[in-house]
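> Here you go, one structure.
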Amino acid sequence: MNTDATQQEQPGGPAGGWWTEAVIYQIYPRSFADSDGDGMGDLPGITARLGHLTELGVDAVWLSPFYPSPQADAGYDVADYRDVDPLFGRLSDADALIAEARARGLRVIVDLVPNHTSSAHRWFRAALPAGPGSPERARYVFRDGLGPAGDQPPNDWQSVFGGPAWTRVTEPDGRPGQWYLHLFDTGQPDLNWDNPEVREEFLDVLRFWLDRGVDGFRVDVAHGLVKQADLTNWQEPQEILSGNDVAKPRPPMWDQDGVHEVYREWRRLVDSYPGERILVAEAWVEPAERLARYVRPDEMHQAFNFEHLLAAWTAPAQYAVVTRSLEATDAVGAPTTWVLSNHDVVRHASRLGLTTAGGRLNGIGIGDPQPDAAVGLRRARAASLLMLALPGSAYLYQGEELGLPEHTTLPDEARQDPTWERSGHTQRGRDGCRVPLPWEADAPSYGFGPTDASWLPQPPSWAEYALDRQRDVPGSTYEMYRAALRLRREHGLARGPLAWLSTGDEVLAFRNGGLTVLTNFGAAAVPAPTGELLCSSAPLDEDGRVPTDVTVWVRA
Ligand code: NOJ
């Protein structure tokens, strides 16, 4: 790594397409806004709060699942892909949300969950009585068990949430019978993507939502649909990442080449609709070159950049992930994406305040080492300002614009993520990042809904993060995000190109869109770039220098 100016230019991604520059805001419907006071967020609640998103200045929203579901995995267990769960409203509420978003100039991306259905889906309910060898079972991955009595699972695969990835069913005659595969919860049986009927069904689901006017799909577990045909054993602990060690064999359940044909077919379909509809891969695939295969010109438009989310808060790690990501996506002509938080990981305002690395699925709870809240927020603001200055498209997770931390002392009895039970209480799970948002400091449930009800308890400290305590308050996290999104647009930062000025062990600096962006990761304050300070993640020191864990945007 270089301590001098390198002036090395990096691409800004392809020109065109709204998605190449978009800031996309993730709404987690359970926790955004509750219109009816039952403690569960809903679609009318979202529609009523869309003004927040136009005020913030994002381009699009992505909605996590709102479909009918037993909620075994907070809606990622879909029982009907063409309707809305009564918890969240009705289909007409989805139509109203899409219409209102469009009227406000916001695009809408919905979540598609093709790797598995819910066990309450009509297909799975038909598969159980239909018995072994039936066409109904052929839509899923049913196998006989091993051993003389068939009482051992067909292979050694583990569920991402803990425990075996197979569950044995009772056959129509009442005897223990076959096993079905579920890479996640038992309530989420994996579909068989070798079956043409499955492929047809999902093309039809895509059409259903495209016809209703959505602008695209975030594709859940996009790297998991196709499994290695022999379902060979995998003597490794289960991880959702496909593994970046190219010397090791690829896990037989992730990132198989066969998935790409599915996305090529979907791309042809979305391209046949007017208005630039997009596909976004949730694919935990490393290295970046392998992930880039999902965004080749005839496949998806974007893939989440989890390598960015997982990168350590050091100058070398951030430099490496930015350069690698830009190069990998440029090689296939796709925009790079950036993401720091979502509904599956510890919020970055807390993650960056931890002294230990990691904290992806396992959460933080009472008795665990607690993050340093002040350090976490300071770094989170610096990381967000760094991210929003990079070429490409950025994803925000609801609440990060408030600097919201993880709920790290959620009582274990309140936990709802299946990870907590399935891991035998060894992994706390993801509830801490899913707590309902605080809108108004002095209102019941901080304005999440009209009552005190909240499906996960909100911590008492959250009044200070409420939107109404931050709006129009200079220096607040909310106003920092608003300013950054406005400046990002005005200066075309999403287009790049980016030219590195400093790639040292303590300071990163680059030029983009006529601005100089500098982040100080070191222990000592450093001189600010000369020019007009447009935005900064924390005040400069009394000598006008950039303190530790601060990002600045300066116009020369
Ligand atoms: C990824 C989703 O983001 C996560 O919340 C879910 O549990 C799994 N996929 C399974 O659908």
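> Report P(r) for segment 174-227: all Cα-Cα distances, bin width 10 Å, range 0 to the bin holding the largest distance, values in whole percent.
18, 41, 29, 9, 2
> Of the beta bridges DSSP finds with both residues in the chain, what % are antiparallel, to the nearest 5? Don't skip to the end; give the middle numbers.
On the way: 34 of 59 bridges.
Taking every DSSP beta bridge with both residues in the chain, the antiparallel ones total about 60 percent.
> Quick one: dipole size for the chain, taken about the Cα centre, charges +1 on Lys/Arg Cβ and -1 on Asp/Glu Cβ, in debye to the nearest 20.
Values: 50 positive and 78 negative charges, 152 e Å.
For the chain, the charge dipole is close to 740 debye.
> So how much slack lies between S461 and A99, counting 0.36 nm per residue of separation and subtracting their Cα-Cα distance, in nm?
Values: separation 362, 0.36 × 362 = 130.32 nm, distance 3.58 nm.
Length gained between S461 and A99: 126.7 nm.
> State, to one decimal in nm, how far the label point of R471 lies from the label point of D298, with both points 7 Å from Cα in the Cβ direction.
In this crude spin-label approximation the distance works out to 4.9 nm.
> Any idea what the relative contact order of the chain is, in percent, if you count C-alpha pairs under 8 Å spaced at least 6 apart?
That works out to 17 percent.
> If you don't mind, there's one more thing I want to ask. Within segment 57-77, which residues have the backbone N less than 12 Å from the label spot 7 Å out from R125 along Cα→beta-carbon, could you tell me?
Under cut-off, by backbone N: 69-70.
> How high is the FRET efficiency from L146 to T451, r the C-beta distance, R0 41 Å, rounded to 0.05? Before the final figure, lay out the partial values.
Numbers: r = 52 Å, r/R0 = 1.27.
That gives a FRET efficiency of 0.20.
> I've got another one for you. Report, by chain and number, residues whose modeled amide H sits under 5 Å from the one on T409, excluding near sequence neighbours (fewer than 5 apart, same chain).
Those qualifying (amide H under 5 Å, at least 5 residues apart or on another chain) number zero.
> Report the rotationally averaged projected area of segment 290-382 based on its alpha-carbon convex hull, in square nanometres. Display every interim value, and only then the final one.
Numbers: hull surface 26.0 nm².
The orientation-averaged projected area of the Cα hull of segment 290-382 comes to 6.5 nm².
> A further question follows. Once phi is turned into ³J(HN,Hα) by the Karplus curve 6.51 cos²θ - 1.76 cosθ + 1.60 with θ = phi - 60°, what whole-Hz value does each residue of segment 46-60 show in order, with x for glycine and proline?
Rounded to whole hertz, the list is 5, 4, 5, 9, 5, x, 4, 6, 6, 5, 5, x, 8, 9, 8.
> State, to one decimal in nm², a quarter of the convex hull surface area for the C-alpha atoms of segment 47-167, i.e. the direction-averaged projected area. Display every interim value, and only then the final one.
Details: hull surface 39.1 nm².
So the mean shadow area of the Cα hull is 9.8 nm².
> Using the 10 angstrom Cβ neighbour count as an exposure proxy, how do R49, R428 rank, fewest first?
Values: R49 18, R428 25.
Final ranking by Cβ density, sparse to dense: R49, R428.
> How do the peptides 92-104, 373-385 rank, highest first, by the average count of neighbouring beta carbon atoms within 10 Å per residue? Before the final figure, lay out each step's value.
Working: 92-104: 16.8, 373-385: 22.3.
Ranked from most to least packed, the peptides come out as 373-385, 92-104.
> Now a separate question. Starting from the Cα of N233, step 7 Å along the direction of its Cβ; do the same at E55; then give the gap between the two resulting points in nm.
Here the modelled spin labels are 5.9 nm apart.
> Hey, another quick one. Regarding segment 138-222, what's the average projected area of the Cα-atom convex hull, expressed in nm²?
Taking the Cα atoms of segment 138-222, their convex hull projects to 7.2 nm² on average.
> If you don't mind, another one. Given the alpha-carbon gyration tensor of segment 391-443, what are the semi-axes of its equivalent ellipsoid in whole angstrom, ordered largest first, with each equal to the square root of 5 times an eigenvalue?
Numbers: eigenvalues 127, 62, 12 Å².
For segment 391-443, the semi-axes come out at 25, 18, 8 Å.
> Taking 8 Å as the Cα distance limit and 6 or more residues as the minimum spacing, I'd like the relative contact order of segment 33-91 as a percentage. It would help to have the intermediate numbers written out before the result.
Working: 65 pairs, mean separation 16.4, N = 59.
With pairs under 8 Å counted, the relative contact order is 28 percent.
> Is segment 499-556 rounded, prolate or oblate when judged by the Cα gyration tensor, a ≥ b ≥ c being the square roots of its eigenvalues, rounded requiring a/c under 1.5 and prolate requiring a/b larger than b/c?
Details: a/c = 1.98, a/b = 1.15, b/c = 1.72.
Note, shape of segment 499-556 comes out oblate.
> Further question: Starting from the eigenvalues of the Cα gyration tensor, five times each then square-rooted, give me the equivalent ellipsoid semi-axes of segment 337-491, largest first, whole Å. If you can, show how the numbers build up before the last one.
On the way: eigenvalues 134, 79, 34 Å².
Rounded to whole Å, the semi-axes are 26, 20, 13.
> OK, next. Which whole-number percent gives the relative contact order of segment 266-370, counting Cα pairs below 8 Å spaced six or more residues apart?
Working: 122 pairs, mean separation 22.6, N = 105.
Here the relative contact order equals 21 percent.
> While we're looking at this one, here's another question. Have a look at segment 444-556 and give its Rg and Dmax from the Cα atoms, expressed in angstrom.
Values for segment 444-556 (Cα only, Rg and Dmax): 17.8, 52 Å.
> Right, another one. By how many nm would the segment from R489 to A138 grow when fully extended, if each residue of separation counts as 0.36 nm and the alpha-carbon distance is taken off? Write out the running numbers ahead of the final one.
Numbers: separation 351, 0.36 × 351 = 126.36 nm, distance 4.95 nm.
Taking R489 through A138 to full extension adds about 121.4 nm, to one decimal.
> Additional query: What FRET efficiency comes out for the pair D442/D257, r = Cβ-Cβ distance, R0 = 41 Å, nearest 0.05? Don't skip to the end; give the middle numbers.
Numbers: r = 56 Å, r/R0 = 1.36.
Efficiency at R0 = 41 Å is approximately 0.15.
> Let me ask another. Which whole-number value in Å³ per residue fits the convex hull of the alpha carbons of the chain? Walk me through the numbers on the way to the answer.
Numbers: hull volume 81.1 nm³, N = 556.
Once divided by residue count, the hull of the chain is 146 Å³.
Values quoted throughout were computed directly from the atomic coordinates according to the rules given, and no laboratory measurement underlies them. Note that the structure is predicted; figures quoted are calculated from it, not measured. As a convention, Cβ positions derive from the backbone with ideal geometry for all residues, glycine included, and neighbour counts pool all protein chains shown.
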